[in-house]
Each structure stands twice: as C-alpha cells, then as structure tokens.
Amino acid sequence: MADTPDNSTVAQSRRLSVEERLRELETEKTRLRQELTSLAGELRLPGMYLTVDAAGTSALMDTESVQEVVRLVELEPLPGAPAHIAGTFVYRGSPAVVVDLSVLLGVKREASLDAHLVVCGGARTVAVLVDRVRDLVEAPVLVDGTPDGSAPLPWDASGLMAGLCRTPEGVRPLLRTSAVLVSPEAP
C-alpha cells in the first residue's frame, strides 16, 4: 500500500495544472482581442465594466475590483469624516467605509432607498454609493475628447475620469476607481 500514489495529491496537481493552462489561455485570448481591435483602428478596453448612475451622469466602473453590488443599507455616521464619506456598515462581518460618488462630484443630495453600494475589495473594504447600477458592458471602445467637443464633463474637473468610452448606449466617462477608493477629500 505504501507504493500506491495518493490519488488526492495527483488529482490536486492535475487540477492546478489545468487551472494554470486556463489562465494562460484567458491571457492569450485578451491579448488577441486587443490585437484584433487595434487592427480595426480602435482601442477596446479589455474586461467588464459596470454602468453606474450618480449625480445625473452615467459612467463606467471597472469590475476588476468589484466584489459585489448590494442595495443601500443603514449606514453608521463616521464623526469627523469628509463630506463624501457617507458612513460605515458591516459587510460580511467586516467594517466597510462608504464613499458617496455624487458628493465627490459636487452634488449634495439624500440617497434614494433604491441606491446601490458597489463593494470594492482591497487593503480595506470600501463601498461606492451610486444612485443605480444599470448593466455590464464588455470591452468598451476608448474615444478621444468629449462627446461633442464643446464642454468639459463634470468628471473632468473632479479628477475622477480616466477617459471616455463608446458603449451601445452612447459615450460614457470611465471612472478612475482608484481615485474614488483613496480620495482623501471632496473637490
């Protein structure tokens, strides 16, 4: 019996090998999609993006850091916090700080009971309070300038915009998620 290989160890090793090959294939698939779109003369952003509404504007948010989207829950105020910190709540047993995206954009309002919290992972759990999460967009096309070139979008002055993307619903600003998650003060 001592000479028989441990089937659970062999199975685990094969599973890890298959998972690694799948990761390599996904990376190659992403690279090939980027190469294909560059041949078409447009730059597509790889991955999935949430379409969120806040402060009367729709924007795209990269889903890479998103853990979950939940309905607005009761928030505990955080004394002495900047105005854009709406409060805290317990998310799956851990405290989460809530950043109100509308306040960051300069719009002061009471959040609707239908609002959403986009919970983002990282060193600490942060949830972004948005008026609504609409849908997912895959590989939006990055565009230059504002949609009509006339006036800057409110996202420009805030430092929260990473660019503009063309989606089936129109041109949307791409939210710089890192700026929201670590922003020390509202503009």
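Could you give the Stokes-Einstein D for region 44-182 in µm² per second, using the C-alpha Kirkwood radius, 20 °C, 1.002 mPa s? Stokes-Einstein gives a translational diffusion coefficient of 140 µm²/s. Residue-wise HN-Hα couplings along region 120-129, as the Karplus relation 6.51 cos²θ - 1.76 cosθ + 1.60 with θ = phi - 60° gives them from phi, are 10, x, x, 4, 9, 7, 10, 10, 9, 7 Hz; Gly and Pro carry x. Relative intensity of region 50-108 on a log10 scale, I(q)/I(0) at q = 0.16, 0.18 Å⁻¹, equals -0.59, -0.75, per a Debye sum over C-alpha point scatterers of equal strength in the absence of solvent.
In terms of other Cβ atoms within 10 Å, Leu104, Leu43 run from fewest to most in the order Leu43, Leu104.
Every read-out reported here was derived from the displayed coordinates using simple, explicitly stated rules and does not represent laboratory data. Not measured: the values here are computed from a predicted model. FYI the Cβ positions are ideal-geometry reconstructions off the backbone, even for glycines, and counts take in every protein chain you see.
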